[in-house]
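Notes follow the structure.
The values are calculated or read from the model by the stated rules, or taken from the named source; none is laboratory data. These numbers come from a predicted model, not from an experiment. A quick note on method: Cβ atoms are made from the backbone with ideal geometry, for glycine too, and the neighbour counts reach across all protein chains shown.
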Amino acid sequence: MLHQRVKLSENIYWIGVNDRRTHLFENQWPLPNGVAYNSYLICDKKNCLVDTVEMGRMDTYIEKIKEVVGADGSIDYLIINHMEPDHSGAVKAVINEWPSVQIIGNAKTFPMLEGFYGINKNLLPVDEGDTLDLGEHKLHFYLTPMVHWPETMMTYESTRKILFSADAFGSFGTLDGGIFDDEINLDFYEEELRRYYSNIVGKYGLQVQKAMDKLSGLDISMIASTHGPIWRSHIPEIVAKYQKWSRYETEEGVVIVFGSMYGNTEKMAEIIARTLSEEGIRDIRIFDSSKTHSSYIINAIWKYRGVILGSSAYNGGIFTPMRDLIRELEHIMPKNHLLGIFGSMSWGGGGVRTLEKFAETIKWEVVAPPVEAKHSARENEIEKLVAIGREMARKLKEFRN
Ligand code: FEO
């Protein structure tokens, strides 16, 4: 049993759990590599939990807490940095075990706590800059709204210099033995970190920037997120990634996404991709919107500057999976992309027309005139597809040093 707890420092423990069973995070984002719900326990004159875990894991979670504090040990405080149920799901279980626990949150936390769980007692509100002394450990609270919900805050423990960062710096993927960044081959998390950021937090780039500015003066030895590895040896690297992603900084490369019923639009995608390659673009990713979940496509779009979208028409509009993708993009509104548009139709069109409207909404620069083929691309359209590829490559190369 004792192997289940992991020390961050002498009296601070990781007591998180892994979820390899759930298929969809927030019931919509695929979890092929699972996810970890991280919780932490600070043992001192007053024992303090930082966030809990998802409801389905609460028995294991309570066991883990007792493993540290003992069957008769007390929990005096529970900090709720973030109310989303993947972290607040075991709050009721904690209260059942330790009824006098004081729950720490801010003015936006407690209405959610009552709304989700009917909990409205033993609340200890904190505000920006407030502190709490546990004995040896001193806690400082920073409000970081919209990273990822309005009530989200972070807690900094100044004795050990540990930042409990809620969702920020988190990743999809379970912790398979290694808990700290230097215990793990981080290649495993490379894509899942960005997929988590781009799909879960990415809409709030400005708020992420504000939070990072606010925390920039702290001396941090460890970042303990609610998901993924604990950062202690690669803090500058993970902070740099968040700086880059929240500023929508992209790399040279092109994501081509197509929606194709009978293969004609897919053939058009291949022509553009080959042109890009001939023009010297090395990172080209083609996705079939019917097959690949949008979270992977959005993850790739967060990385690469070029985006080329192609769709067949469907009942006078755009092909359904492409409609879903562009709606998601309009919701998140990533910036700093170059756009190409193509597609096919059988009679009245609709796919390319919808993509042109999308371009106006999202305000990405369209690199060349859109191409729409009737039934299938012929010589005239093929020339225009090549022009899209060439123009995209030319504009991308302008960013080279
Ligand atoms: Fe991991 Fe926003 O919850």
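Key figures
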{"read-out": "From the options MET83, MET58, residue that is crowded, with 16+ Cβ neighbours inside 10 Å, at pLDDT below 95 and within 22 Å of ASP19 (Cβ to Cβ)", "value": "MET58"}
{"read-out": "Boolean, ARG305 is at pLDDT below 95, touching a strand residue (DSSP E or B) at 6+ places or on another chain (Cβ under 8 Å) and not hydrophobic (A, V, I, L, M, F, W, C)", "value": "no"}
{"read-out": "The range 69-89 - residue that is in a helix (DSSP H, G or I) and out of contact with any Ser or Thr (no Cβ under 9 Å at 6 or more places or on another chain) and, of those, farthest from the ligand (Cβ to nearest atom)", "value": "VAL69"}
{"read-out": "Residue match in the range 254-270 (condition: more than 19 Å from the chain's Cα centre (by Cα), surrounded by fewer than 17 Cβ atoms within 10 Å (Cβ to Cβ) and under 23 Å from ASN27 (Cβ atoms))", "value": "no"}
{"read-out": "Failed condition for ASP219, given (1) part of a loop (DSSP other than H, G, I, E, B); (2) within 15 Å of the ligand (Cβ to nearest atom)", "value": "(2)"}
{"read-out": "Some residue of the range 143-162 being acidic (Asp, Glu), surrounded by fewer than 21 Cβ atoms within 10 Å (Cβ to Cβ) and in contact (Cβ under 8 Å) with a residue 24 or more places away in the chain", "value": "no"}
{"read-out": "Number of positions in the range 243-266 that are closer than 16 Å to ALA313 by Cβ and in a helix (DSSP H, G or I)", "value": "3"}
{"read-out": "Pairs where the first residue, in the range 269-297, is within 24 Å of GLU379 (Cβ to Cβ) and the second is of a type in the set (A, V, I, L, M) and part of a loop (DSSP other than H, G, I, E, B), C-beta under 8 Å, 6+ apart", "value": "ILE271/ALA377"}
{"read-out": "Test set (1) among the acidic types (Asp, Glu); (2) touching a helix residue (DSSP H, G or I) at 6+ places or on another chain (Cβ under 9 Å); (3) away from the ligand (no atom under 16 Å from the Cβ) - GLU151 fails condition number", "value": "(3)"}
{"read-out": "Pairs with Cβ under 6 Å, 6+ apart, first in the range 194-206 and aromatic (Phe, Trp, Tyr), second in a helix (DSSP H, G or I)", "value": "TYR197/TRP245"}
{"read-out": "Every residue from the range 281-339 that is under 17 Å from GLU356 (Cβ atoms), of a type in the set (Lys, Arg) and in contact with a Ser or Thr (Cβ under 9 Å, 6 or more places away or on another chain)", "value": "ARG323"}
{"read-out": "Residue match in the range 163-173 (condition: away from the ligand (no atom under 14 Å from the Cβ), among the hydrophobic types (A, V, I, L, M, F, W, C) and either within 19 Å of HIS234 (Cβ to Cβ) or assigned to a helix (DSSP H, G or I) (or both))", "value": "yes"}
{"read-out": "Flag if ASP213 is more than 14 Å from the ligand (Cβ to nearest atom), among the acidic types (Asp, Glu) and either farther than 23 Å from ALA300 by Cβ or assigned to a loop (DSSP other than H, G, I, E, B) (or both)", "value": "yes"}
{"read-out": "Residue satisfying all of: in the range 174-210; within 23 Å of TYR296 (Cα to Cα), of a type outside the set (D, E, K, R) and exposed (fewer than 15 other Cβ atoms within 10 Å of the Cβ); farthest from the ligand (Cβ to nearest atom) among these", "value": "ASN185"}
{"read-out": "Among the candidates LYS46, LYS121, LYS66, LYS92, residue that is under 17 Å from HIS140 (Cα atoms) and either among the basic types (Lys, Arg) or in a helix (DSSP H, G or I) (or both)", "value": "LYS46"}
{"read-out": "Residues being among the aromatic types (Phe, Trp, Tyr) and under 23 Å from ILE332 (Cβ atoms) - total across the range 143-160", "value": "1"}
{"read-out": "Count of the range 90-116 residues which are within 16 Å of the ligand (Cβ to nearest atom) and farther than 18 Å from GLU26 by Cβ", "value": "6"}
{"read-out": "Search result, residues across the range 329-352 that are farther than 16 Å from ILE301 by Cα and either without any contact (Cβ under 8 Å) to a residue 40 or more places away in the chain or among the acidic types (Asp, Glu) (or both)", "value": "MET345, SER346, TRP347, GLY348, GLY349, GLY350"}
{"read-out": "In the range 231-242, the residues that are in contact with an Asp or Glu (Cβ under 7 Å, 6 or more places away or on another chain) and either outside any loop (DSSP other than H, G, I, E, B) or free of Cβ contacts under 8 Å to residues at least 12 places away in the same chain (or both)", "value": "TRP231"}
